[in-house]
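Let me begin by presenting the structure, written as structure tokens, before commenting on it.
Every number in this text was worked out from the coordinates using simple rules, so none of it is lab data. Everything numeric here is computed off the predicted structure, so don't read it as measured data. Counting neighbours? That spans all protein chains shown, and the Cβs are built from the backbone with ideal geometry, glycine included.
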Amino acid sequence: MLDLRYSFALFVSVALSTVAAFAAPSPAPVTPQLVDAAKQEGKVVFYTSIELQTAEKIAKAFESAYPGIAVQVERNGCERLFQRLAQERDSNIHSADAVECSDMTALLYWKKQGWLAPFVPVDVAEKWPAAQKDPEGYFATERFTLSPIAYNTKLVKPEDTPKSFADLLDQKWTGKIVKAHPSYSGTIVTVTFELSRELGWDYFKKLGQQRVMQVQSAAEPPKKVAQGERPIAADGGEYFMLQIRDQGGPIEPVYPSEGTPASSSTHRTRTPPGC
């Protein structure tokens with residue numbers, strides 16, 4: 001049996017800067033001086049690939065914790081955020097204060113380009129495992145999620161659900177599957193890499209013959225399934241599936257017998273005087 005549970009990429013949110021560093025800075029507590037400096041700027045621009053409703057909840061929680069500092073959420077797929085940031089840098093535009101991205105290669109590229117500001121919050125320094133943070137202080141893991149299969153509980157009986165990725169190739173699911181696209185979503189880039197490595201690229205060639213509904217974001221397959229547009233999702237963010245289910249939506253995740261692709265994420269605020 002294949003085990004994908006421990007094969008994951010980082011979802012990371014990072015601070016943006018033109019400054020490069022070679023050693024992690026000292027841990028920085030959230031001091032009144034830091035908060036006051038942030039209030040002078042008044043706003044944090046947050047580029048993120050987190051599902052929009054979830055990202056907005058995070059923003060509201062931050063605003064509640066730090067009154068007087070607004071959060072402007074700019075939500076898009078990680079691959080689109082990668083393109084947007086590159087275009088803005090080419091035009092000498094510096095809009096984003098913090099960026100969260102589900103494709104680890106984007107973070108490595110931004111760090112190499114010198115676009116990230118090193119900043120280590122105290123809780124990251126004290127509580128984060130070494131493997132989940134950049135040794136030079138540029139990014140650290142923020143969230144962890146799985147990308148399972150899912151089904152509509154009104155359209156598919158539990159005993160009839162696909163129990164594995166291989167089951168998705170059964171002809172009975174032809175024209176009934178929805179899947180996100182790796183050119184848009186960093187989560188799906190990770191999932192595609194993991195599954196192609198473990199199951200082989202032929203798996204995707206066969207899946208492509210199933211007349212799959214192709215959508216963009218990893219948040220879209222759960223929506224399509226819950227709305228009944230397709231009864232089966234081949235992938236998607238587990239956290240959003242669970243949110244829809246907890247709100248009464250007819251969706252249930254399935255954790256494939258081969259193992260479930262997983263990914264995790266980080267958050268960073270900008271160095272003083274920003275926040």
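Taking other C-beta atoms within 10 angstrom as a stand-in for reagent exposure, 203, 138, 109, 184 fall in the order 109, 203, 184, 138, fewest first. Here segment 148-259 is treated with +1 on each Lys and Arg Cβ and -1 on each Asp and Glu Cβ, and its dipole about the Cα centre works out to around 380 debye.
In order along segment 140-146, the phi-based Karplus estimate (6.51 cos²θ - 1.76 cosθ + 1.60, θ = phi - 60°) of 3J(HN,Hα) comes to 8, 5, 10, 9, 10, 8, 9 Hz; Gly and Pro are listed as x. By how many degrees, between 0 and 90 and to the nearest 10, does the Cα long axis of helix 52-65 differ from the longest principal axis of the chain? Compared with the principal axis, the helix lies near 30 degrees. Projecting the Cα atoms of 242, 128, 58 onto the dipole axis of the chain, where Lys and Arg carry +1 and Asp and Glu carry -1 at the beta carbon, places 242 farthest toward the positive end. Counting only alpha carbon atoms, the long axis of helix 186-199 and the longest principal axis of the chain meet at about 50°.
To make sure I understand, if each residue's beta carbon is the centre and we count other beta carbons within 10 Å, what order do 179, 223, 163, 157 fall in, fewest to most?
157, 163, 223, 179
Computed from the Cα positions only, the extents of the chain along the three principal axes stand at 61, 38, 36 Å, in decreasing order.
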